[in-house]
Structure formats: C-alpha cells, structure tokens
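Asker: Handing you a structure now.
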Protein chains: 2
Amino acid sequence: VVDADALIERLVSDSRALPRLATLVENDDPRGLDLLDVLYPRTGQAHIVGVTGPPGSGKSTLIAALLKGLRETGRRVAVLAIDPSSPLTGGAVLGDRIRMMERHADAGVFVRSMASRGRKGGLAWATAALVHVLDAAGYPLILIETVGTGQDGTDIAALADTVVVLEAPGLGDGVQAIKSGLLEVGDIVVVNKADQPGADDALRLLRAAFALAHPADGRVVPIVATTAATGEGVAALVAAIDEHAAWLDHDGRRIHRREHAARTEILTGLRTVFDGRVDRQTGQFEHLTTIISRVASRELSPRRAVASLLDRLAGS
Amino acid sequence: VVDADALIERLVSDSRALPRLATLVENDDPRGLDLLDVLYPRTGQAHIVGVTGPPGSGKSTLIAALLKGLRETGRRVAVLAIDPSSPLTGGAVLGDRIRMMERHADAGVFVRSMASRGRKGGLAWATAALVHVLDAAGYPLILIETVGTGQDGTDIAALADTVVVLEAPGLGDGVQAIKSGLLEVGDIVVVNKADQPGADDALRLLRAAFALAHPADGRVVPIVATTAATGEGVAALVAAIDEHAAWLDHDGRRIHRREHAARTEILTGLRTVFDGRVDRQTGQFEHLTTIISRVASRELSPRRAVASLLDRLAGS
C-alpha cells in the first residue's frame, strides 16, 4: 500500500518524480492511475485557470506573460498546454515556446504539454487526470491552455475554476464571437493585442454586450485589455483572476463549480473508458452490447436505448 | 398512434413536411422525437457519406461538385452541413453556398445546414437524429459535411458508412496530416486543388504512407485527385464511394460499421441527455448525483466512480 504523504513528499523533493507520474497517467498506465487514486483525496487545493481563445488571439504570448505576472506574486505555477487536434492550427507553437522558457525556468514553474494528436477521444478525461497530478504535487495555481471549441473545449473549460476567454481585434465580427458560445463560458474576458487597430471597438462592443446580459449570479464579467507582447494589462488580469477566486469562496460557489467539474469528468470518463474497453475486449458489457446491436438492427430507437441506460445509471 | 407508412408518405409528398420535422428534431422538441421513434425502424436504407477536411481544403466547393456528380447518376441526395463551432473558421460559407444552390435545385436534392454555434455539446447526437430523418424520408445517399477534428468530429465521422477525408496542397506538412488521425478514419482520401503546386508531392506522400499501412481488413484506401472548382476527378470520387458501398455489403462489414455507429450514437446520447436533464431538474438521478458529489468532495476518485457506473451499465 502506497502512502499519500510519502508520495507527495517524493513529488515535491524529486524533480523527476512529477514528470514521470504525469507520463504514466497520460499513457493510461495502471501504475500511474493507481497512484492517482491514492493522491486524489489530497487534491482540490489548487486554483485552476483555463485560458481559451481562437487561433490568432495571441494565446501563447499571453500565457507566457501571465506566467511571469503570476510568478511575480511569489506563487508556484503549473501550466498544462493542450495542443489542438488539428495539424493545421500550429498547436506546437505554444509547446515550443514554453519548452524554451522552461530551460531557464525556476523551480516554481512546471510546464507540461499534452498532445491531442492521434488521441482517439478522451482529451478532457486525460486533462483532468493531469490536473489532479499537478494539484496533488502542491501547485497552488494551474493554468490550462486550450483551444476551447467543440465538445473537447467545453469539457476542458468545465474543469477550471476560472475561465479566461481571449479575444483580439481583427479576428472577425465581435458580435459573432459573442454568439459563438465561447464568451458564455468566460469568467473573465481579455481583449488581447490592445495596441492594435480595432481594439477599442472590440472593447466597447463586448462591454455593451455584457452590460445587457444581467447574469443570474449577479457577477459582472470583467473585461481586461492586455498587450501580452509588452506585458501591458497583465497585472490587471492577475488581479481579476484573484478576485474571481475570492468570489468563488463565498456562498458555496466553489463547491458548485467543483460539482460541475466532477460531473463533466465522470461523463467524459464513462465514455472514454467504455470506448477503450470495448476496443480491447469484446464479450464484456453484455447488456450494453446487446442494446447497441438492437439499435444497429433498428429494433430499438437510439432515444429509447439512451433512456433505458440512463434509468439504469440513475436508479437508487 | 402515428403510423410509419403514413408518416413516410407525408414526408415524400409534402415538401414542407421534411424541413418541419427536421426543425422539430433539431430543437429537441418531443413531438419531433416521438415521430423519429416511429420512423426509426424504417431507417438504415441510406448510404451515409461523411466528408471531412481542414479549413482551406476546399470542402464546400467539393461538396457542391460531388452533389452535382451524384445527381448525374440519377440518385436523390440529401446534404447535412454542420457549421463548425468556431466563429472564426467561416462556417457560414458552405451553408450560404448551398442555400444559393438550393434555390435552383431540383426535387431530388435536400440541403440542411445545422448550426453548432451556441449549442452546448450534443452535436453528434443531434446530427445522428437528423440523419435518421433524412434516411426515413427515402434519400438513398446522405452527405454529412463536418470539420472532423476533436471529439465532435470523430463522433460525426463514426455515423457515416463511408468517410471521405480531404487534403489539399499547401495546408502544411503532409506527414503531419497523416499523424493527425484525420486520415486514419478515412475510407477514401481526396487530394483536392489538384491543379495547384504541391499536389503531386502530396499525392506521392499519401500513396507512400498508405502503401506502408497494411490495413487489417485488406482494403487499400483509394487516393483520388480532384479539382472541385472545375469538376475534374469528381466522377472518380463518385466511383470510389460506390465501390466502398459495394465492399461494405460483403462479409458483414456494413453491420459491423452500423454497430460502431450505434455505439457512438448511444454514448453521445447518454451524455447529452444526462447533461440536459441535470441542467433542467435536480433531484432526479439520485445515484449519479450522489457519486458526483462524492467525487467533487474528494471522497471517491473519478476513476473509481467511472468503474462503478460502468459496471452498473454493463451488468446483465
């Protein structure tokens, strides 16, 4: 039986232990997953910040500037960068940039890049596991970088306590950005590249849109202008993140948030684990495979199949 | 009780019936979903072709050319275009183009565009339902257009009988495209914009990569060069689709494929329906919500939660 205290002590004292555990977990190695089960009760201490935004919004530069700004407050920070699936959006850029930084980095920064390429689903499930590892290793702040679109993006954003959504001038119609649903998940909105033409218009439009929104929880989403390349506005973004963290600590908001994260993680996990096991071995999951055959042969409608499986999952 | 025969007769004879049912189903309206349950046993007749490729590969132009090529063989065709979630990739382009075509279209073509914007997950689940509607309405060929990356993209591709993956010269390193996993799901690979510089290199590289692949099922993935803008190569693509359809009709391959599609649809549905219901009403799903609370409070690890829920789902 492995002891959580000894394991955490090891993660803190041996600089090779954390990357090694992260690799085991990322590769779905049962040795890593067993250790994660031991560590899990000790997680939940970190504040998790998701940073999301479209290609071209300057996300990689902002993450680097934010890391510097957060380090200036004396806190240890871990960064988890999720490369986008598409080979065309240049997902390696952030990874490369951060690996370069890492060489010069102090012991208070840990950077991990996770490739989504070639991975068949399960990106949010794997991301959650790595976040728990970083959390257990004692990093009080964890930044997750993600592209933020599609189911994967929404799921990864749901793992964070604070979601920072990036916008930048010149990426398209600001009203469309509001419609896209990306802003809906944001706790903080950043207009990056604030020194570029159109930034004032983007800020004005976003402020007007949010002024109309009347959020149910009464919280006004702050809109922060940054120029990540020069560091302008980054201190204000750090302050906005800390304010949101403090706000979460009232009226059970953080618990509510964590339940939403747990729900997303479990539903993502159900699917990922089931898919993986079905690929590896048939004959197991008899009830489920029977239902799948009946749907494939048009005996049972997908809606009725889902309703019956949900009843089974839900039953007390 | 609604009768499937009468319903299908209505979908065929009244041109407003199909778009109306599609809207009800897309909006998750129980009236539409009930009708779909009635129709479901009559589906499974259509051959479903997924067309996927990165932005810039000329997907919209190819879909239009393919539609024309398929119509020339005399078959009725339905097109379901899924706009990408990102407001920045210009998802409206295909929709606009096809809506324009539609005005002049014959009765043998039905085009439906589904917005993914603002939709909170469940894209593949909604897509599957619309495919069943088009299938029940008697279209022997259904084209689904999708961006193809991320979990949504993989799920939507899994609904198709034949997946056509588009490449084009000049979009990046061909080897990266192979690594991305997009090609792995392709039954047919198209190098579009074959008249542009670099097309020959892309073709050579793809042929070399696939020659090394030795597919388990013994089928060699055809690589078709097209210039969608002029129609060059489109007839060869139509032939390749028909060949794949004929190949599926041997050795139980189509049934195997349909079971894979049903599995994806059910797992996507479980998640979508559960998410939706939890958002609407609490108090239901007692067992599941208890498990979520225990994970959120760190009493139970996500992996153990998932294992216990899977056992429940799987048990005979």
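Asker: Taking 56 Å as R0, compute the FRET efficiency from the Cβ-Cβ separation of B:Arg10 and A:Ser13 and round it to 0.05.
Answerer: The value I calculate is 0.20.
Asker: Using a loss threshold of 40 Å², tell me which positions in the stretch B:244-259 are less accessible in the complex than in their chain alone. Probe radius 1.4 Å, ligands and nucleic acids ignored.
Answerer: Going by heavy-atom accessible area, the residues of the stretch B:244-259 that drop by at least 40 Å² are B:Glu259.
Asker: Ok, one more. Might you work out the accessible area of B:Ile255 for me, using a 1.4 Å probe with all protein chains in place, and round it to the nearest 10 Å²?
Answerer: Number for this one is 110 Å².
Asker: Determine the gain in length on full extension of the stretch B:Ala314-B:Ala208; use 0.36 nm per residue of separation and subtract their C-alpha separation, reporting nm with one decimal.
Answerer: Full-extension gain reported as 33.9 nm.
Asker: How much solvent-accessible surface does B:Glu259 expose, in Å² to the nearest 10, with a 1.4 Å probe and all protein chains in place?
Answerer: 60 Å²
Asker: Between A:His287 and A:Asp217, with labels modelled 7 Å along Cα→Cβ, what's the label distance in nm to one decimal, could you check?
Answerer: If labels sit at A:His287 and A:Asp217, their model points lie 3.5 nm apart.
Asker: Nearest 100 Å² is fine: what is the total accessible surface buried where chains A and B meet, probe 1.4 Å?
Answerer: Counting both chains, the buried surface is close to 7100 Å².
Asker: Taking the label point 7 Å from Cα in the Cβ direction, how far apart in nm is B:Ala211 from each other copy of itself, listed shortest first?
Answerer: Inter-copy label distances (nm, one decimal, shortest first): 6.6.
Asker: Could you give, in nm with one decimal, how far B:Asn27 is from each other copy of that position, shortest first, with labels 7 Å out from Cα toward Cβ?
Answerer: Label point to label point, same position, other copies: 5.2 nm.
Asker: Sort A:Thr268, B:Thr272 by heavy-atom solvent-accessible area, probe 1.4 angstrom, most to least.
Answerer: Most to least solvent-accessible, the answer reads B:Thr272, A:Thr268.
Asker: Shortest first, in nm, what separates the label point of A:Asp5 from those of the same position in the other copies (7 Å along Cα→Cβ)?
Answerer: Inter-copy label distances (nm, one decimal, shortest first): 7.7.
The values are calculated or read from the model by the stated rules, or taken from the named source; none is laboratory data. Since the structure is predicted, the reported quantities are computational estimates derived from the model, not experimental observations. Don't worry about glycine lacking a Cβ; one is built from the backbone with ideal geometry, like all the others, and counts go over all protein chains shown. These accessible areas exclude ligands, DNA and RNA; they are computed on the full protein's heavy atoms, side chains included. Shrake-Rupley method; radii C 1.70, N 1.55, O 1.52, S 1.80 Å.
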